[in-house]
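Q: What follows is a single structure, and I will ask about it in a moment.
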Amino acid sequence: MSWQRKILRVDLTKGEITQEPLNMEWANEYIGERGLATKYLWENMDPTVDAMSPGNVLIFATGPLTGTMASTSGRYAVVTKGPLTGAIACSNSGGKFGAELKFAGYDMLILEGKSPAPVYLHINNGEVEIRPADQIWGSTVWNTEEWLKSHHQDPQMKVASIGIAGENGVRYACVVNDLHRAAGRSGVGAVMGSKNLKAIAVRGTVGVKIDKDPKAFMDVVKDTHQMLADNAGRKGLTKYGTNAMLTSMQKFGGLPTHNFQEVQFEGADKIDARAMMKPNDSGHVNLITNKACFGCTIACGRIAHIDKDHFTIVNRKEYWHASGGLEYETAFALGSVCGIDDIDAATFAGYLMNEHGMDPISFGVTLACAMELYEKGAITKEDTGGVELKFGNPEALTIMAEKTGTYEGFGQDIGLGSKRLAEKYGHPELAMVVKGQEFAGYDSRALQGMGLGYVTSNRGACHLKHDVFAEDMEDTGHTGKAKPCKDSQDNIAAIDSTGLCIFTTAAWGLGDFARQINAACEGDWSEDRVRECGERTWNLERQFNLKAGLTKADDTLPKRLLEDPVPTGTAKGNVHALDKMLPEYYELRGWGDDGVPTPDTLKRLGLS
Amino acid sequence: MHKALVIDPDKCTSCLQCEMACSFEHEGVFNPAKSRIKIFEFEHGKRSIPYTCTQCAEAWCMHACPVEAITVNLSTGAKEVNPDVCVGCKVCTIACPFGTVNYESDSGKVAKCDLCGGDPQCAEVCPTDAITYVEADWTGYDKMRDSAVRAHS
């Protein structure tokens, strides 16, 4: 039946666990995962409550295709109100946890309230328990997973947990599953910590059944697998991972460098995908192999290791093992934006992000902001505990990654995120954020469509909620980009609701997702219907934000990107043309000049 | 000639398509817990190793079975469990030196790889050819060729 038609609801305040049927009326309007969780969030909480208060609701949601043979079927989403932005937060992750939750028999897990003491949730199919977490509170993500598997004598269980950063409310703490996959952005791990929930350990042996027409589903899956197998973009992702992008952005002039002061980084070739594959002076090669998430026939994930003689780990044998390696966003955030060209230092900082449960993008961009503040004299060596917080200092990167992860010293300030840090030290203009969330690895002035996507993303600056990349690479201007931005936002909101990964769009169009849903799910699922579910989701996210108190004034970029011309590269001289793009975008969306969906738009989407 | 599954762990990405295909073929459900082939991950995913029954010629499981529930499929060479005969005594699970025959409490029977009657679905769906189905007498052919190249390059 592709949906399990069952939800697990846990009231952490009262310690009550209940199961309820999935609302199929809503599933038919929002598909699953991101969309359906948004609907449940909207119906279950008051958007005005503080994100870190017990009134916030934290939802883990799978999609109807999660745990099926559709390629990349390991996705789940974490949806809540975000502590970095005060807006809706929606982060999805791969690995194997999401499929396991589905195999245990649930479409969704809704966590409410706040436990009086640290706990973890143990789900073994229908047996669900809230258990004391005293023995793992204060532990890293990696130790938590090891302890849970050993304590329950279940090496096959899957774990999603938070680290010390999440326990202490680091604003961009994430939820890490399977050691190095993460619902990374928007501080969903901080919300989990605020609820005194350390981990969710799941074992599922029920499986997922396709009732509609298993043979038709397998035929579609065979075809869509083949499309991916033959696709050149997919082959690039498999071989080089997402970090192939660093070379493109460097060449194009869109690679954020030195806190977005520059768009090209002189050390780019030391941290890119080829550098990961090249032996260093002592013959050490950073990249070991590639790795897939559940059900994924792309396998873009990187498994790397650090040179044992590198200063970061030379005396720390506990880090001599392999783990998740650099992807584009980590390479930019732990590399170019901080001016770091040391691949082992960046890889080590990446390890620390996973081990302590933090979003590398927000951490790296916040550190870059702190480095600029330090170089301007607004932050001093006294503030940093003696650390030379200069661009290009790999020791500053790894020390601050560790201090933020363990919430010590100046790491507590880095844990505030760029917006709060820059305000604290008197230079709010240096925070490279939208709605309080840090930019990903693309400069808005060089990629105008990306900039509009950042501005209008409902979770704050994010590169994953729209796709205007082809248009941006074709043309550095702004005209004609509002429409593909809006259209791709709707498509991606739908794709994020299926349980599959957007990297499949290298080979698949929305119609290919629609035919997989149609073969697996009850009812008729045309491409148009799927797209409308995405548009509905987008507008409901916007409604959540408006009700939470955000306004049109939050749809903006930092002064640097609106006023300072981009210094080099293809788009040299550009600033971001937001004032020209935003009105067109609002109109295409069916929103008023105030950025509020009109009654007609709401009615058309069934949101009145 | 019979064919055999050949496993090359260096090619495995741990996507688990094989586990889903196996459970779908045998149980009609996507459920790695019901798969007769398993992927084992080591050191944060540095190595992912598929493992399943190698269909021993003188199969310990088959000889140990007190009710002759495990028999040879003459066309594939697979040692197959006949669930109508299996009494769930689990002696075969003890006899197997490799752990590749396992008891399923849902059915009260044991389950093991049966090569899907000659069209093993794990090999069919593996996106990286980490699992292939080749001539049983030449399972070492590719490895031998690679070694030959290494020895003379």
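Q: Of the trypsin sites (Lys or Arg not before Pro) in segment A:523-608, which ones lie in a loop per DSSP and count no more than 16 other C-beta atoms within 10 Å? Numbers along the way, then the final one.
A: Working: sites: A:Arg529, A:Arg531, A:Arg536, A:Arg542, A:Lys547, A:Lys552, A:Lys559, A:Arg560, A:Lys572, A:Lys580, A:Arg589, A:Lys603, A:Arg604; in loops: A:Lys572.
For trypsin sites (Lys or Arg not before Pro) across segment A:523-608 that sit outside H, G, I, E and B with at most 16 neighbouring Cβ atoms in 10 Å, the list reads A:Lys572.
Q: Quick check on the exposure proxy: order A:Met24, B:Met1 from fewest to most C-beta atoms within 10 angstrom.
A: Lowest to highest Cβ neighbour count: B:Met1, A:Met24.
Q: Give me the net charge of A:Ser71's neighbourhood, meaning all other residues with Cβ under 13 Å from the Cβ of A:Ser71; Lys, Arg count +1, Asp, Glu -1.
A: Summing Lys/Arg as +1 and Asp/Glu as -1 gives 0.
Q: How many percent of the alpha carbon pairs in segment A:428-586 exceed a separation of 21 Å?
A: The calculated P(r) of segment A:428-586 puts 47 percent of pairs beyond 21 Å.
Q: Going by C-beta contacts inside 10 Å, put B:Cys12, A:Cys296 in order with the fewest on the left.
A: By the 10 Å Cβ count, ascending, the order reads B:Cys12, A:Cys296.
Q: If I fit a long axis through the Cα atoms of helix B:17-27 and take the longest principal axis of the Cα atoms of chain B, what angle between them do I get, 0 to 90°, rounded to 10?
A: Approximately 20 degrees, to the nearest ten.
Q: For chain B, rounded, prolate or oblate, judged on the Cα gyration tensor with a ≥ b ≥ c (square roots of eigenvalues), a/c < 1.5 rounded, else prolate if a/b > b/c?
A: On the way: a/c = 1.98, a/b = 1.47, b/c = 1.34.
The shape class here is prolate.
Q: Turning to a different aspect of this structure: Got a sec to turn the phi values of segment A:237-250 into Karplus ³J(HN,Hα) couplings, 6.51 cos²θ - 1.76 cosθ + 1.60 with θ = phi - 60°, whole Hz, x for Gly and Pro?
A: Using θ = phi - 60°, the values come out as 4, 5, 6, 9, x, 6, 5, 4, 4, 4, 5, 5, 5, 4 Hz.
Q: Let me ask something additional. How are the C-alpha pair distances of segment B:55-112 spread across 10 Å bins, as whole percents from the shortest bin up?
A: 27, 60, 14
Q: Dipole of chain B, Cα-centred, from +1 at each Lys and Arg C-beta and -1 at each Asp and Glu C-beta, to the nearest 20 debye?
A: Working: 14 positive and 21 negative charges, 78 e Å.
That gives a dipole near 380 debye.
Q: Here's another thing I want to ask about it. Quick check on chain A: take the gyration tensor over C-alpha atoms, sort the square-rooted eigenvalues as a ≥ b ≥ c, and tell me if it's rounded (a/c under 1.5), prolate or oblate.
A: On the way: a/c = 1.34, a/b = 1.14, b/c = 1.17.
Rounded.
Q: Next up: Here are some pairs, A:Lys102/A:Lys149; A:Lys102/A:Lys222; A:Lys424/A:Lys547; A:Lys81/A:Lys198; A:Lys308/B:Lys46; A:Lys96/A:Lys465; which of them have Cα atoms lying more than 24 Å apart in this structure?
A: In this structure, A:Lys424/A:Lys547 exceed 24 Å between Cα atoms.
Q: Excluding same-chain residues fewer than 8 positions from A:Lys552, which lysines have a Cα within less than 16 Å of its Cα?
A: Within the straight-line cut-off, A:Lys552 pairs with A:Lys435, A:Lys580.
Q: Right, here's the next one. Rank the residues A:Tyr240, A:Tyr106 as a footprinting-exposure proxy: fewest other Cβ atoms within 10 Å of their Cβ go first.
A: A:Tyr240, A:Tyr106
Q: When the helix-only estimate is applied to the protein assembly as shown (DSSP H runs of n ≥ 4, each -39,500 (n - 2.57), divided by the residue count), what is the mean residue ellipticity at 222 nm, nearest 500 deg cm²/dmol?
A: -10000 deg cm²/dmol
Q: Among residues other than A:Ile298 whose Cβ falls under 12 Å from its Cβ, what is the net charge (Lys/Arg +1, Asp/Glu -1)?
A: Working: positive: A:Arg234, A:Lys235, A:Lys239, A:Lys291; negative: none.
The answer is +4.
Q: In the neighborhood of A:Ser139, defined by Cβ-to-Cβ distances under 12 Å, what is the net charge if each Lys or Arg adds +1 and each Asp or Glu adds -1?
A: -4
Q: Just how far, in whole angstrom, is segment A:404-449 from segment A:37-110 if you go by their alpha carbon centroids?
A: Going from one Cα centre to the other spans 25 Å.
Q: Classify segment A:6-203 from the C-alpha gyration tensor, please: rounded if a/c falls under 1.5, else prolate or oblate depending on whether a/b exceeds b/c.
A: rounded
Q: Using unit Cβ charges (K, R positive; D, E negative) and no other charged atoms, how large, in debye to the nearest 20, is the dipole of chain A about its Cα centre?
A: Working: 64 positive and 79 negative charges, 162 e Å.
It comes to approximately 780 debye.
Q: Here's a follow-up. Which of the lysines could be linked to A:Lys251 by a straight reach, that is with a Cα gap under 23 Å, when you skip same-chain ones fewer than 8 residues away?
A: Within the straight-line limit of under 23 Å, A:Lys251 reaches these lysines: A:Lys235, A:Lys239, A:Lys270, A:Lys278, A:Lys481, A:Lys572.
Q: Projecting each Cα onto the charge dipole of segment A:6-203 (Lys/Arg +1, Asp/Glu -1 at the beta carbon, about the Cα centre), which of A:Pro47, A:Met157, A:Ser73 comes out farthest on the positive side?
A: A:Ser73
Q: Now for a separate question. Starting from the Cα coordinates of segment A:79-181, work out the convex hull volume and express it per residue in Å³.
A: So the per-residue Cα hull volume is 110 Å³.
Q: At 4 °C and a viscosity of 1.567 mPa s, what translational diffusion coefficient does Stokes-Einstein give for segment A:130-285, taking Rh as the Kirkwood radius over Cα pairs? Give it in µm²/s as a whole number. Don't jump to the answer; show the numbers that get you there.
A: On the way: Rh = 19.7 Å.
Reported coefficient: 66 µm²/s.
Q: Could you tell me what fraction of 2.2 N^0.38 Å the Cα radius of gyration of segment A:241-434 comes to, as a two-decimal ratio?
A: 0.99
Where a number appears in this text, it was derived from the coordinates with a stated rule and is not lab data. Just so it is clear, the model here is predicted, and its values are computed rather than measured. For neighbour counting, all protein chains shown are included, and Cβ atoms are generated from backbone atoms with ideal geometry for every residue, glycine included.
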